[in-house]
Amino acid sequence: MKNNDKNKMNDETLVISTDKGKEFTVGEIMHSDRIQKSVTPKFTPDWYIKWIASLLILIAMATRGTGLDLYPGVSVDIVFSILGTAGWLIVGLLWKDRAIIVVNAVGTLLLTRTFIVTLVEILR
């Protein structure tokens, strides 16, 4: 038996059980169109940054319009939005993904500009 045939046989005979009691062969998982596999690696620095940045953006959206201020006149929403878009900008740079870089660089710049203009008006 050739080495490739041996590996093929193992892929088809090795069974993996899920937490929900379903069983799949390794071959079925490798060649399946219905089993979704994550494209990005987990628990790497970019994984943590993208999830923290996403959480910050969700917090910003949740606080938008609540009138919750970090400092009188400076809403919590703008601070969390800046941090979230800056986080996604870092992820875009790590992934070398131009679309993510452009959207989040522009977003971070516009939000930071608004933040600075607001601070200048408050300090006058």
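Can you name the residue in the range 38-87 that is in a loop (DSSP other than H, G, I, E, B) and hydroxyl-bearing (Ser, Thr, Tyr) and, of all such residues, is nearest to ILE100 (Cα to Cα)?
Result: THR40.
Looking only at the range 94-123, filter to residues that are within 18 Å of THR40 (Cβ to Cβ) and touching a helix residue (DSSP H, G or I) at 6+ places or on another chain (Cβ under 6 Å); which one of those is surrounded by the fewest Cβ atoms within 10 Å (Cβ to Cβ)?
For the range 94-123, the residue satisfying everything is LEU94.
Could you list, ordered by first residue, the pairs with Cβ atoms under 6 Å in which the first is in the range 75-88 and of a type in the set (D, E, K, R) and the second is in a helix (DSSP H, G or I) and surrounded by fewer than 20 Cβ atoms within 10 Å (Cβ to Cβ), at least 6 apart or interchain?
Taking only residues 6 or more apart or on different chains, the pairs are ASP77/THR63.
Against the condition in contact with a strand residue (DSSP E or B) (Cβ under 8 Å, 6 or more places away or on another chain), at negative phi and modelled with pLDDT of 90 or more, how does VAL79 come out, does it pass?
It is true that VAL79 is in contact with a strand residue (DSSP E or B) (Cβ under 8 Å, 6 or more places away or on another chain), at negative phi and modelled with pLDDT of 90 or more.
Table: residues versus (1) modelled with pLDDT of 95 or more; (2) acidic (Asp, Glu).
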site: GLY73; (1), (2): no, no
site: LEU83; (1), (2): yes, no
site: TRP88; (1), (2): yes, no
site: ASP97; (1), (2): yes, yes
site: VAL102; (1), (2): yes, no
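The values are calculated or read from the model by the stated rules, or taken from the named source; none is laboratory data. Keep in mind that what you see is a predicted model, and the values were worked out from it rather than measured. Counting neighbours? That spans all protein chains shown, and the Cβs are built from the backbone with ideal geometry, glycine included.
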